[in-house]
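This report concerns only the one structure given below.
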Amino acid sequence: LLQIIISESAYLIWLVQNEWKIEKEQDERRCHTANEIEARWKAAITKRLRLNWALTNKYAHRKLALQWGVVKRTWHNIHEPGNRRALKTDLFESGVIVGSSSGRHPPGRNR
């Protein structure tokens, strides 16, 4: 878990630094706020968690699928400060995910 957090944090630092230098032209008045950076970090960690969870699907990934127990042990202590619940239990329970497929294909493609 520490390796994941360090690599995601380093990538976010690199990304924010480049945005500030290139897009914001090193203008100190246009610096990223602490709240913005914190929200982006949380989003990156959540995205990585969901990716690891999705990679446990044995139907989609067959022999290359991650073991469910390894992912659960890796992420079991992640939680919001002040929140007693660790990970949402629905991430680790079996079931069916139902969603809408609208908007998943580029316009003009009817497959």
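Readers should treat all values here as calculations from the given coordinates under stated rules, not as data from a laboratory. Just so it is clear, the structure is predicted and the values come from calculations on it, not from any experiment. When we count neighbours, we look across all protein chains shown, and the Cβ atoms used for this are built from the backbone with ideal geometry, even at glycine.
Cross-link reach is defined here as a Cα-Cα straight distance under 17 Å, omitting same-chain residues fewer than 8 places apart; for Lys47 the lysines meeting it are Lys72, Lys88. When only the Cβ of Lys, Arg, Asp and Glu is charged (+1, +1, -1, -1), the dipole of segment 2-79 relative to its Cα centre reaches about 720 debye.
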